[in-house]
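Undergrad: Here it is: the structure, laid out below.
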Amino acid sequence: MPNTASKNQKSLHQQGTRKIAPLKYVGHGVDQERARLLESITDAFVSIDTEWCFTYVNHRAEVVLGKTREELLGRNVWEIFPLPVDSLLYRNAHVAMEKQTNCEFHQFHPLLNKWFNIRLYPFQDGLYSFCQDITQRKKAEEQLQLQTNAS
């Protein structure tokens, strides 16, 4: 009789590996170099698979999103950050993934109370997102606009 527990464990392991396959935190050679590069950039970077689950989160993304990697990896982005389906981020992410087209836009995230410049890059197994917190810049622009209007 075949060992079904072993088969189930292998299946679960393969599923778990698939979710983190696009990028890895640890490894040797190219994987390690890629992880080092993604950890060194000033943008928040995340990788999301075709099921909208986080597969990679760099340190800057942890800071910007206010969540640890452990809280995000393998979890669905829309469950952790529920946004209306008509929000710019939700619509643009779906269009980028479905049409395999790059997208860049500014978005205020009400749950985080921050403005972001977001760049989305689809790939075969999901979506890469580079994000910069531009809240201070938006506040400065708003202040400048108020001063200009007052003059």
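The values are calculated or read from the model by the stated rules, or taken from the named source; none is laboratory data. Every value quoted in this text rests on a predicted model; they were computed, and no experiment measured them. Positions of Cβ are generated from backbone atoms using ideal geometry, with glycine treated the same way; all protein chains shown enter the neighbour counts. Note: accessible area is taken over every heavy atom of the protein model, side chains too, but ligands, DNA and RNA are not part of it. Shrake-Rupley method; radii C 1.70, N 1.55, O 1.52, S 1.80 Å.
Undergrad: Can you find even one residue in segment 103-119 that is touching a Gly at 6+ places or on another chain (Cβ under 8 Å) and under 23 Å from residue 39 (Cα atoms)?
TA: Checking segment 103-119: at least one residue is touching a Gly at 6+ places or on another chain (Cβ under 8 Å) and under 23 Å from residue 39 (Cα atoms).
Undergrad: Taking residue 118 as the residue in question, decide whether it is within 17 Å of residue 49 (Cβ to Cβ) and within 15 Å of the chain's Cα centre (by Cα).
TA: In short, no.
Undergrad: Select, from 141, 70, the only residue that is part of a helix (DSSP H, G or I), more than 20 Å from residue 45 (Cβ to Cβ), without any contact (Cβ under 8 Å) to a residue 24 or more places away in the chain and out of contact with any strand residue (DSSP E or B) (no Cβ under 7 Å at 6 or more places or on another chain).
TA: Result: 141 is the single residue among 141, 70 that is part of a helix (DSSP H, G or I), more than 20 Å from residue 45 (Cβ to Cβ), without any contact (Cβ under 8 Å) to a residue 24 or more places away in the chain and out of contact with any strand residue (DSSP E or B) (no Cβ under 7 Å at 6 or more places or on another chain).
Undergrad: So, in segment 105-126, exactly how many residues are in contact with a Lys or Arg (Cβ under 9 Å, 6 or more places away or on another chain) and either of a type outside the set (D, E, K, R) or without any contact (Cβ under 8 Å) to a residue 24 or more places away in the chain (or both)?
TA: 6
Undergrad: Spot the failing condition for residue 89; the list is (1) modelled with pLDDT of 95 or more; (2) surrounded by 12 or more Cβ atoms within 10 Å (Cβ to Cβ), and only one is missed.
TA: Looking at each condition in turn, residue 89 falls short on (1).
Undergrad: Mind checking which residues of segment 128-151 are polar (S, T, N, Q), under 30 Å from residue 35 (Cβ atoms) and open to solvent by 90 Å² or more (accessible area, probe 1.4 Å)?
TA: If the condition is that a residue be polar (S, T, N, Q), under 30 Å from residue 35 (Cβ atoms) and open to solvent by 90 Å² or more (accessible area, probe 1.4 Å), then 136 is the only one that fits.
Undergrad: What single numbered condition from (1) open to solvent by less than 60 Å² (accessible area, probe 1.4 Å); (2) assigned to a helix (DSSP H, G or I) fails to hold for residue 60?
TA: So residue 60 meets the others, but not (1).
Undergrad: Keeping to segment 99-114, report how many residues are open to solvent by 60 Å² or more (accessible area, probe 1.4 Å), farther than 21 Å from residue 59 by Cβ and either assigned to a strand (DSSP E or B) or aliphatic (A, V, I, L, M) (or both).
TA: Here the count works out to 3.
Undergrad: Right, another one. So the check is Cβ under 9 Å with 6+ separation or different chains; which pairs have a first residue in segment 93-104 that's closer than 12 Å to residue 124 by Cα and touching a residue at least 40 places away in the same chain (Cβ under 8 Å) and a second one that's β-branched (Val, Ile, Thr) and exposed (fewer than 14 other Cβ atoms within 10 Å of the Cβ)?
TA: 97/50
Undergrad: Then there's this: For the list (1) in contact (Cβ under 8 Å) with a residue 60 or more places away in the chain; (2) closer than 18 Å to residue 133 by Cα; (3) open to solvent by less than 30 Å² (accessible area, probe 1.4 Å), I need the number of the one condition that residue 55 fails.
TA: With (1) in contact (Cβ under 8 Å) with a residue 60 or more places away in the chain; (2) closer than 18 Å to residue 133 by Cα; (3) open to solvent by less than 30 Å² (accessible area, probe 1.4 Å) applied to residue 55, the lone miss is (2).
Undergrad: Tell me which of these residue 96 doesn't satisfy, since it passes every other one: (1) open to solvent by less than 20 Å² (accessible area, probe 1.4 Å); (2) in a helix (DSSP H, G or I); (3) farther than 29 Å from residue 139 by Cβ.
TA: For residue 96, the exception is condition (3).
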